[in-house]
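Let me begin by presenting the structure, written as structure tokens, before commenting on it.
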Amino acid sequence: MTVNEEMPLRAIILYDSRTSGGSTDRLIDAIGHELVETGAYVEKAKCRANADYSFVREFDLVILGAPVYYLVVSSQLLGALVQSNLKKCLKGKKIALFLACGSPEPMALTLYLPQVKVHLVRNRILSEKIFAPHQMDDPDEVEGFVEEILDEYEKADRGRPGSSQLQWDDEASDMVNAMPSFISGKIRSSLEEYARINGIKLITPEVINVARSSSMGM
């Protein structure tokens with residue numbers, strides 16, 4: 001996928017890292033480079049718990065990432081979501097998440113990603129990725145992550161207000177985002193397919209409840 005050259009995607013990577021020039025920093029640079037290759041405008045900023053994040057409002061896409069230390073997502077990113085105005089400035093923004101983690105992926109999805117996602121229940125999360133140590137310098141892993149982000153961004157952009165595509169209301173979107181990450185994407189796709197088949201333009205909690213009792217079998 002390539003970004004519209006007339007109105008390039010503006011993306012910012014907000015991250016935490018304890019070691020300058022370490023594996024997390026290299027991963028950030030690789031993600032940024034891959035986005036730039038598609039024609040996007042990209043900046044990066046290291047998180048500080050008490051910083052002013054008003055500048056985030058200038059960007060279309062926000063990528064949040066950090067390593068995991070001793071079973072906890074790196075503190076400056078979590079601190080920024082709790083103590084600063086970051087959460088407020090992310091309102092309405094499309095988000096992608098990644099964690100650098102040596103633990104098995106199921107553990108990371110269950111224990112670590114929710115530490116961040118609990119603060120983003122009203123955001124559209126386009127993609128989430130756990131990078132194991134051996135994947136952090138793998139160009140294919142980085143490329144796949146960026147491709148998924150941009151594909152989902154394009155789908156979400158087609159569904160924005162004023163578009164002929166189907167849309168989600170906030171409560172319905174929150175219901176799906178609260179599900180475990182390994183099934184939420186499949187549920188979202190199934191609901192969108194159900195809506196298209198039935199001529200539904202807006203997915204609401206009521207639509208989800210009806211779909212559950214239908215042959216969709218949620």
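Every number here is computed from the coordinates shown, using simple stated rules; none is lab data. A quick note: this is a predicted structure, and the numbers were derived from the prediction, not measured. As a convention, Cβ positions derive from the backbone with ideal geometry for all residues, glycine included, and neighbour counts pool all protein chains shown.
For segment 18-113, applying the loop criterion from DSSP together with a ceiling of 10 other beta carbons within 10 Å to the trypsin sites (Lys or Arg not before Pro) yields Lys91.
When both bridge partners sit in segment 36-176, DSSP labels roughly 10% of those beta bridges antiparallel. How tilted is helix 139-158 with respect to the longest principal axis of the chain? Cα atoms for both, answer in degrees (0 to 90, nearest 10). So the helix axis and the longest Cα principal axis differ by about 40 degrees.
Kindly identify segment 21-96 as rounded, prolate or oblate by the Cα gyration tensor criterion: order the square roots of the eigenvalues as a ≥ b ≥ c, call it rounded if a/c is under 1.5, otherwise compare a/b with b/c, prolate if a/b is larger, else oblate. Because a/c hits 1.5 or more and a/b fails to exceed b/c, segment 21-96 counts as oblate. Of the chain, which part is the longest with no GluC sites (Glu not before Pro) in a loop (DSSP not H, G, I, E, B) and with at most 15 other C-beta atoms within 10 angstrom? With a cap of 15 other Cβ atoms within 10 Å, the longest stretch comes to 7-218. Against the main long axis of the alpha-carbon atoms of the chain, helix 181-197 sits at an angle near 30°.
The long axis of helix 23-37 is offset from the longest Cα principal axis of the chain by roughly 60 degrees.
For segment 53-148, rounded, prolate or oblate, judged on the Cα gyration tensor with a ≥ b ≥ c (square roots of eigenvalues), a/c < 1.5 rounded, else prolate if a/b > b/c? Oblate. Across segment 82-162, C-alpha contacts under 8 Å between residues 6 or more apart give a mean separation that, scaled by the residue count, equals a relative contact order of 36 percent.
Each helix, a run of at least 4 DSSP H residues, gives -39500 (n - 2.57); summed and divided by the residues of the chain, these come to -12000 deg cm²/dmol at 222 nm. Projecting the Cα atoms of Gln135, Ser17, Leu81 onto the charge dipole of the chain, computed from C-beta unit charges around the Cα centre, puts Leu81 farthest toward the positive end. The lysines whose alpha-carbon is closer than 26 Å to the alpha-carbon of Lys88, local same-chain residues fewer than 8 away aside, are Lys44, Lys46, Lys117, Lys129, Lys155.
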